[in-house]
Amino acid sequence: MDWLTDTKIPLGKTAETIFDWLQREGEVFFDALANVMEAMIEAILWCLQTPHPFVIIAIFAGGAYALQRRWQISLGVVLGFLFIINQGYWEETTESLTLVLSACVACMGIGVPIGIASAHRPRMYQVLRPILDLMQTLPTFVYLIPAIVFFGIGLVPGLIATVIFVLPAPIRLTHLGISTTPTSLLEAAEAFGATPRQKLWKVELPYAVPQIRAGLNQTIMLSLSMVVIAALVGADGLGVPVLRALNTVNPALGFESGTIIVVVAIMLDRVLRIERK
């Protein structure tokens, strides 16, 4: 077997060379992207931390009722946030929600248009499919290495790694919703003289709303699952006490912070869940 290892394919060296070239030639681009990400993060964080917590709770409860039309969901949101305040994790929760909301803005803003384009171009989706598979199966810790190289330490590299990991979900579900639009609906729209743009906005997108909403749900839940990993690169939020508990072998702190993450996940899932009627 020595003859096989002697001719090792230089995969790692090639990746290192590419990263060095990107870091050297793309410094201006990565700095500009980091500035945009930081501005978005700071704006969302300001909106969540500046008002009184009860104001934010009321906004989330109202949004939950607007989406689900069930007062029980809104009551659950209120009780969940009150529990978070009681445990003293309000600031960490708002920081994690900032990461989640920032990832949603980036992933839905990129993923939905790509999903629409790939649904109209089957060959494009055939090219994208192995790339999306790689993005979802590659260990998330691997994303942190180039993120640190290009963006340093903080919320921005955590957000970049989260976006790379989460982006396939809205792309796949948007593609599914658009590509499964019944042919009869499209033919009826064409019979009435609808243009391709009108078919997209008035037929395909309305039909694909449940799948796109499911993509948003998956984006939020997957982003929340990255809070602990993002903490490894200096991102604030609920992942920080989890790592602190792990480093100090503190079961009380670990159980507290882990429970808060579960409470946030349950609230977001219930608010965005699509009920089958």
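The values are calculated or read from the model by the stated rules, or taken from the named source; none is laboratory data. What you see is a predicted model, and the numbers here were worked out from it, not measured in a lab. Note: ideal-geometry Cβ built from the backbone for every residue, glycine included; neighbour counts use all protein chains shown. Each accessible area value is taken on the protein alone, full model and side chains, heavy atoms only, with ligands, DNA and RNA left out. Shrake-Rupley method; radii C 1.70, N 1.55, O 1.52, S 1.80 Å.
Please identify the pairs in which a residue from the stretch 2-27 that is at pLDDT 70 or above has its Cβ atom under 8 Å from the Cβ atom of a residue that is aliphatic (A, V, I, L, M), counting only partners at least 6 apart or on another chain.
These pairs meet every condition: F19/V149; Q23/V149.
Residue check: is V105 at pLDDT below 90 and assigned to a helix (DSSP H, G or I)?
Yes.
Could you grab me the full set of residues in the stretch 78-108 that are open to solvent by less than 10 Å² (accessible area, probe 1.4 Å) and in contact with a Ser or Thr (Cβ under 6 Å, 6 or more places away or on another chain)?
Hits for the stretch 78-108 are I84, V100, A103, C107.
Note down all Cβ pairs under 9 Å where the first residue falls in the stretch 43-70 and is free of Cβ contacts under 8 Å to residues at least 24 places away in the same chain and on the phi < 0 side of the Ramachandran plot, the second is surrounded by fewer than 13 Cβ atoms within 10 Å (Cβ to Cβ) and not in a loop (DSSP other than H, G, I, E, B), and they're at least six residues apart or on different chains.
Y65/W71
Would you pick out the residues in the stretch 60-77 that are of a type in the set (A, V, I, L, M) and either under 14 Å from I266 (Cα atoms) or open to solvent by less than 30 Å² (accessible area, probe 1.4 Å) (or both)?
Correct list: A61, A64, I73, L75, V77.
Would a scan of the stretch 235-258 turn up a residue that is under 26 Å from G115 (Cβ atoms) and among the hydrophobic types (A, V, I, L, M, F, W, C)?
no
Being within 28 Å of A208 (Cβ to Cβ) and free of Cβ contacts under 8 Å to residues at least 40 places away in the same chain is the filter here, so list the residues in the stretch 139-167 that pass it.
I164
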